[in-house]
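J.: Handing you a structure now.
The values are calculated or read from the model by the stated rules, or taken from the named source; none is laboratory data. On a predicted model such as this, the values are computed, not experimentally measured, just so you know. Heads up, the Cβs are rebuilt from the backbone with ideal geometry, glycines too, and the neighbour counts pull from every protein chain shown.
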Amino acid sequence: MPEHEVVWQTRDRHHAKRRGSERCTDDRELLARLQDARFEGLLLEQLVNDLWQYGWRCLRRWMRDGTITAQCKTKGIPLTCFDNETTELQRSSELREDLAATAVGDAVRYFVETSLPCGYWKPHKGASMRTYFIHDCLYRFRNAFNEWARPRRRMMEALAQPYLDDDWPASAAAFEEQVALRDAVRLILRRSSAEGAAIVALMYQEQCTQKEIGVRLGLSVRSVEGHLRRVRLLARDMQRRGQIDVPFAVLDSKAGAR
């Protein structure tokens, strides 16, 4: 690394450390003022507003850029968020706002009503108020996310399960064709996302259009099209590899497009 880059990086770390030290000093002074005011009044309202804005911006940004799982990991908070769920967080501003509002609201209340008055945040340990607070935001985001994701996953699995088990829906196809179709679709759906499997199930089982599927699954038509396209690409790849040898409607780009 060139010498001038080492110098600049060392200087940046020094400035960041100094800013962190200054913030901790400011936070200690703020805590003392809040204690004098018995955690009431205008000063507390200003702190609540500051924390709300900070947590709101951070969580929404991390959901939008797809780094929310990594942020949780850096704080030691395990979060299982599948690729399709990360994509949904990035796609849906309404979902981001709902999850952020729930997580930040809970975190702010706990911080100002419990963490500060009870002394859980300890200035001498080096973490600023914001650092301590954002950890709780992420923890509560994990809870809010799981409340959203768990029923969604169960619904997706329930829709696709008949195609993964022997409970194959009735079909007008000849018995041999039906068995071949069942085995091919089962292989594909086992390798598909939960959304992709559920979409194919609704197409076959209930003859739903993409718009109807979107309403049932809480997805946009564009998102349904994207999941279906990935299922088709997977099916074609498996066909080329000789893993399946039966063409069926999911390979037809017009299927379910009504």
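J.: If V112 satisfies every condition in (1) farther than 18 Å from N49 by Cβ; (2) crowded, with 18+ Cβ neighbours inside 10 Å but one, which is the exception?
T.: (1)
J.: What are the residues in region 27-47 that are more than 11 Å from L116 (Cβ to Cβ) and in contact (Cβ under 8 Å) with a residue 60 or more places away in the chain, if any?
T.: R28
J.: Please find, within region 203-222, the residue that is modelled with the highest pLDDT out of those that are within 20 Å of R150 (Cβ to Cβ) and buried (at least 19 other Cβ atoms within 10 Å of the Cβ).
T.: That would be L217.
J.: Which is modelled with pLDDT of 85 or more and either under 26 Å from V224 (Cβ atoms) or not aromatic (F, W, Y) (or both), of R186, R182, R190, R109?
T.: R109
J.: Which of (1) hydroxyl-bearing (S, T, Y); (2) out of contact with any helix residue (DSSP H, G or I) (no Cβ under 9 Å at 6 or more places or on another chain); (3) surrounded by 16 or more Cβ atoms within 10 Å (Cβ to Cβ) is the odd one out, the single condition T69 does not satisfy?
T.: Going through the list (1) hydroxyl-bearing (S, T, Y); (2) out of contact with any helix residue (DSSP H, G or I) (no Cβ under 9 Å at 6 or more places or on another chain); (3) surrounded by 16 or more Cβ atoms within 10 Å (Cβ to Cβ), T69 breaks only (2).
J.: If you check every pair at least six apart or on different chains, which have Cβ atoms under 6 Å apart with a residue in region 80-102 that is under 26 Å from L51 (Cα atoms) first and a residue that is outside any helix (DSSP H, G or I) and not aromatic (F, W, Y) second?
T.: Matching pairs, first to second residue: T86/G66; Q90/G66.
J.: Next question. Would you point out the residue of region 116-147, among those that are at pLDDT 95 or above and hydrophobic (A, V, I, L, M, F, W, C), that is nearest to D27 (Cα to Cα)?
T.: F133
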